[in-house]
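The values are calculated or read from the model by the stated rules, or taken from the named source; none is laboratory data. Because the structure is a prediction, the values reported are computed rather than measured. Positions of Cβ are backbone-derived with ideal geometry, glycine not excepted, and every protein chain shown enters the neighbour counts. Only protein heavy atoms, including side chains, enter the accessible area calculation; ligands, DNA and RNA are left aside. Shrake-Rupley method; radii C 1.70, N 1.55, O 1.52, S 1.80 Å.
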Amino acid sequence: MLSKEQVIERLKGVIYPGFDKDIVSFGFVKNVEIGDKILVEVEIVSSNPDIAKELKVDIARVLGSNEAVINIIQPKIPDEKSNSQSGKNIAPQIKNFVMVSSGKGGVGKSTTTLNLAISMAKLGKKVGVLDADIYGPNIPRMLGEIGTQPQVIGNKLKPILTHGIEMMSMGVLMDEGTSLIWRGSMIMKAIEQLLKDVIWSELDVLFLDMPPGTGDAQLTLAQSVPVTAGICVTTPQVVALDDSKRALDMFEKLHIPIAGVVENMSGFICPESGKEYDIFGKGTTEEIAKAYKTEVIAEVPIEPAVRVGGDSGKPISFYEPNSVTAKRYEKAAARLWEIIENINNDGGADNSSIQPVMDGKSACSK
């Protein structure tokens, strides 16, 4: 039979899911008793039952053949809200959801999502990214996770922990280059599963990288969880701004508070001289932001390191923290967190008014 000291030493080999720190260092081991069997009591802050299951398996593993009673003490799991009066939240352990959208493709929405997420994590927040762009999932490549397979725990998936954030994407669940020819109902089901059947931690913010446009994915996600804030990504050209108005209008129709607009490709920084040139125009989003009672939270220039980082899996906010672009993303992330706190202080997000009604239609379609 192991001694109490030996048990505690072995428990130092149990890493808390999603972190690099063990349960002893966290102070989660509350009691160890040695008798006919070893009694281990661990109290954790997560209400997710899958976290408890994973810890039990790991604790039993480090104790080897010794008979043990393992008690995992958890806070009461939050009730899922599911009626049209109170709204709905199928991932209640996540504190805030930020939907990043655009009216059209090719404006740098995924790049913006990823670098905002990394910048938010650098502020000390616990952050995740859900790549909800089902048809064009680019986030795995941008993080260097092509070919990485998520761990399966029970009948759920554990998000991939990389660059200080949690990530899940359809891109890690199918072979590279495979096309998805799915109808809207399948897209809606996939969105729900990526929220509910993934063991997301108790995140401060989950960034939602949406497909371009204003379709099934956006509506399903907004009805499934209360989206705290929306970010619209655009470029300075008039044709991009026309589509951005549709994305901002979508936020209003879905009752999602608009946190701001990111003007991407806002100028070009010459790698030789460091001088910035306005090759596509700059500052054109200010007027549209005012029209929707929001603000431009970032003007992000074209910088070669952004493209290189995206293709090679080395995001600029992580690998080039002193670059102009990284500093602008950091400033935008800090402002976004202020806006999130203001929204929550004013009552927070509520998706009750856009829940489906009895005939199967959405309330927001009226």
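Would you check which residues across region 137-159 are within 21 Å of PRO211 (Cα to Cα) and surrounded by fewer than 23 Cβ atoms within 10 Å (Cβ to Cβ) and list them?
Going residue by residue through region 137-159, those that are within 21 Å of PRO211 (Cα to Cα) are 137-146, 159.
Answer for region 137-159, where residues must be within 21 Å of PRO211 (Cα to Cα) and surrounded by fewer than 23 Cβ atoms within 10 Å (Cβ to Cβ): PRO137, ASN138, ARG141, GLY144, GLU145, ILE146.
When you scan region 296-322, how many residues do you find that are farther than 17 Å from GLY164 by Cα and either in contact with a helix residue (DSSP H, G or I) (Cβ under 6 Å, 6 or more places away or on another chain) or open to solvent by 50 Å² or more (accessible area, probe 1.4 Å) (or both)?
Within region 296-322, the first condition is being farther than 17 Å from GLY164 by Cα, and the residues that meet it are 296-308, 311-312, 322.
Within this subset, residues satisfying the condition of being either in contact with a helix residue (DSSP H, G or I) (Cβ under 6 Å, 6 or more places away or on another chain) or open to solvent by 50 Å² or more (accessible area, probe 1.4 Å) (or both) are 296-300, 303-308, 311-312, 322.
The qualifying residues number 14.
May I ask you to say which residue of GLY184, GLY144, GLY154, GLY177 is closer than 25 Å to VAL308 by Cβ and either at pLDDT below 90 or of a type in the set (Phe, Trp, Tyr) (or both)? Even if it seems obvious, please write down each step before you answer.
Values: GLY184 fails: closer than 25 Å to VAL308 by Cβ; GLY144 fails: either at pLDDT below 90 or of a type in the set (Phe, Trp, Tyr) (or both); GLY154 fails: closer than 25 Å to VAL308 by Cβ.
None of the others qualify; the one that does is GLY177.
Filter region 316-336 for residues that are in a helix (DSSP H, G or I), over 16 Å from GLY108 (Cα atoms) and charged (D, E, K, R) and give the result.
Of region 316-336, the ones in a helix (DSSP H, G or I) are 316-319, 324-336.
If we keep only those that are over 16 Å from GLY108 (Cα atoms) too, we end up with 318-319, 324, 327, 330-331, 333-336.
Result: LYS327, GLU330, LYS331, ARG335.
When only residues in region 9-54 that are in contact with a helix residue (DSSP H, G or I) (Cβ under 6 Å, 6 or more places away or on another chain) and open to solvent by 20 Å² or more (accessible area, probe 1.4 Å) count, which is farthest from VAL198 (Cα to Cα)?
ILE34
Counting just the residues of region 203-238 that are surrounded by fewer than 20 Cβ atoms within 10 Å (Cβ to Cβ) and without any contact (Cβ under 8 Å) to a residue 40 or more places away in the chain, which one comes out farthest from ASP278 (Cα to Cα)?
ASP216
In this structure, is SER353 among the polar types (S, T, N, Q), touching a helix residue (DSSP H, G or I) at 6+ places or on another chain (Cβ under 7 Å) and within 26 Å of LEU203 (Cα to Cα)? Can you show your working first?
Numbers: among the polar types (S, T, N, Q): yes; touching a helix residue (DSSP H, G or I) at 6+ places or on another chain (Cβ under 7 Å): yes; within 26 Å of LEU203 (Cα to Cα): yes.
Judged against the criteria, SER353 is a match.
In region 338-356, how many are open to solvent by 30 Å² or more (accessible area, probe 1.4 Å), over 13 Å from THR228 (Cβ atoms) and not in a helix (DSSP H, G or I)?
Going through region 338-356 one residue at a time, the tally reaches 1.
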